[in-house]
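All remarks here apply to the structure that follows.
Bear in mind that the values in this text are calculations on the coordinates, not laboratory data. Nothing here was measured: the structure is a model prediction, and the numbers come from that model. Glycine also receives a Cβ, built like all others from the backbone with ideal geometry; neighbour counts cover every protein chain displayed.
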Amino acid sequence: MAPTKKGRVSRSTRAGIIFPVTRMHRYLKVAPSAPKRVTKGAAIYLAAVAEYLVAEVLELSGNAARDNHRSRIIPRHVLLAVASDEELNKLLRGCVIPQGGVLPLIFPFLLPKHTGDSSDQSLSTASHTPRVTKKAAASRSTKSSVTRKPALTKGLGSFTVYDSPKTKAAALKGTAVTTLSERV
């Protein structure tokens, strides 16, 4: 009987990982800061660690995409995943993820202040507040007591829209509305 010929088995398959061990070994050997001799075990270890990190980021990014009701992972989901994990955030603190956006943050002093037991107060005030319809409000008010919206002063970061835009595009710059195109 002739011995059966086996095909080549890659070092990645032997190690039981997906990332390419041979390519990692080659990159380690030509790295400028690496020593001239690199063991095969170092390449396997590097490939295994890289595979673990990619799997971790991919899993957390998939969870972030699912939380946002999306089926496709985008860079925003990767950023949110890395920021939510303490160890990955520490590892990738100095990295910038292109198209990732910014992390959501609201300073506590910008949030409304709660005094006492606010949940009981909000329920009690909501149940005792009478509802007023437009007709009832119109019959109660007189023409002399018409309240107007306060006018926004020019130059204090506000703007006034005089009419709906009739042009194709309009841009806000400071306190003035600038028309970009006059075509309809």
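In the neighborhood of Glu87, defined by Cβ-to-Cβ distances under 12 Å, what is the net charge if each Lys or Arg adds +1 and each Asp or Glu adds -1?
Summing Lys and Arg as +1 and Asp and Glu as -1 gives -1.
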Relative packing of peptides 83-94, 101-112 - highest average C-beta neighbours within 10 Å first: 83-94, 101-112
Dipole magnitude (debye, nearest 20) for segment 11-102, charges at Cβ of Lys, Arg, Asp, Glu: 680 debye
Length-normalised contact order for segment 11-102 - Cα pairs under 8 Å, 6+ apart - percent: 19 percent
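Multiply the residue separation of Leu88 and Arg66 by 0.36 nm, subtract the distance between their alpha-carbon atoms, and state the gained length in nm to one decimal. Let's see the in-between values first.
Working: separation 22, 0.36 × 22 = 7.92 nm, distance 1.95 nm.
Computed gain between Leu88 and Arg66 is 6.0 nm.
Give me the number: length gained by fully extending Ala34 to Gln99, i.e. 0.36 nm times residue separation minus the C-alpha to C-alpha distance, one decimal in nm.
Computed gain between Ala34 and Gln99 is 20.1 nm.
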Rg/Rg_globular for segment 11-102, with Rg_globular taken as 2.2 N^0.38 Å and Rg from C-alpha atoms: 1.31
Virtual spin-label span in nm between Glu59 and Ala42, 7 Å along Cα→Cβ: 2.9 nm
Dipole of segment 11-102, positive end: most advanced residue of Ala43, Leu58, Ile18 [Cβ charges, Cα centre]: Ala43
